[in-house]
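J.: My structure is below; once you've seen it, I'll send some questions.
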Amino acid sequence: MLVGQDGRVSVILITGIQAAGKSTVAQALAESLLNSVHVRGDLFRRMIVNGRVDMGPAVPDPRALEQLRLRYELAAETADRYAQAGFTVVLQDIILGEALREMTERIASRPLSLVVLAPSAAAVRARDAERRGERGKVAYKPGDEGIAALDRALRHETPRLGYWLDTSALSVAQTVADIRAQLDGAARIA
């Protein structure tokens, strides 16, 4: 278990664009740790039965932005509560732009490590196509912002916080090993 100098259990925040490998990597990382929890931010979106307004278009509906903020708040509170209960928390969600800085401030538990999965747009396209073929999972729907736009938002509008990792040529095991090696260093948020 990863524990900070003050004896508190850590929270590890993993972000990136759709099909960057967040869910797979976060699950594998959580499985490699003792007393761990994998908090999937998207579950809070999917809990809304009626009235859900999804993100997607370049100019999202204001209600979608309100629900996204609520999702981030609930994810941060859940991560903090699990950390208070003694678990190492791996929290993963799509958090881009200034929302990433806000999320690191919203999570109260420390130590906090942040990993931004940043495979190339070509690697994301290939992963998205593979997911569609194998599981029928569609990340990028017609009318939504595409891979190129989200990749630009990640690389040009998202603050350079934490550890940015190009996973284009890495396996899941290699990615987890790399992340674990950086948790007390480059990934650490003060």
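J.: Does Ala139 count as of a type in the set (A, V, I, L, M, F, W, C), within 20 Å of Asp42 (Cα to Cα), surrounded by 14 or more Cβ atoms within 10 Å (Cβ to Cβ) and without any contact (Cβ under 8 Å) to a residue 40 or more places away in the chain?
T.: When the stated conditions are applied, Ala139 does not pass them.
J.: Please work out if Arg127 is over 22 Å from Met47 (Cα atoms) and not small (Gly, Ala, Ser).
T.: yes
J.: So, one more: Does Ser120 count as free of Cβ contacts under 8 Å to residues at least 60 places away in the same chain, over 17 Å from the mean Cα position of the chain (by Cα) and under 20 Å from Ala26 (Cα atoms)?
T.: No: the conditions fail for Ser120.
J.: If I ask for residues that are part of a helix (DSSP H, G or I), over 26 Å from Ser32 (Cβ atoms) and among the charged types (D, E, K, R), which ones from segment 131-163 would you list?
T.: Arg132, Asp151, Arg152, Arg155, Glu157
J.: Going through segment 126-136 one residue at a time, which ones are surrounded by 16 or more Cβ atoms within 10 Å (Cβ to Cβ) and either at pLDDT below 80 or under 20 Å from Val115 (Cβ atoms) (or both)?
T.: Passing the criteria: only Arg127.
J.: Select from segment 164-190 the residues that are in a strand (DSSP E or B) and surrounded by fewer than 20 Cβ atoms within 10 Å (Cβ to Cβ) and list them in ascending order.
T.: Hits for segment 164-190 are Trp164, Arg188, Ile189.
J.: Quick check on segment 155-163. Is at least one of its residues surrounded by fewer than 16 Cβ atoms within 10 Å (Cβ to Cβ) and among the small types (Gly, Ala, Ser)?
T.: Looking for residues that are surrounded by fewer than 16 Cβ atoms within 10 Å (Cβ to Cβ) and among the small types (Gly, Ala, Ser), one finds none in segment 155-163, hence no.
J.: Being touching a helix residue (DSSP H, G or I) at 6+ places or on another chain (Cβ under 8 Å), in contact (Cβ under 8 Å) with a residue 40 or more places away in the chain, of a type in the set (A, V, I, L, M) and closer than 18 Å to Leu70 by Cβ is the filter here, so list the residues in segment 87-113 that pass it.
T.: Within segment 87-113, Leu91, Ile94, Ile95, Leu96, Met103, Ile107 meet the criteria.
J.: Can you report the number of residues in segment 113-139 which are among the aliphatic types (A, V, I, L, M) and over 27 Å from Arg180 (Cα atoms)?
T.: The total comes to 3.
The values are calculated or read from the model by the stated rules, or taken from the named source; none is laboratory data. In this text, all values refer to a predicted model and were calculated from it rather than measured experimentally. Note that each Cβ is placed from the backbone with ideal geometry, even for glycine, and that neighbours are counted across all protein chains shown.
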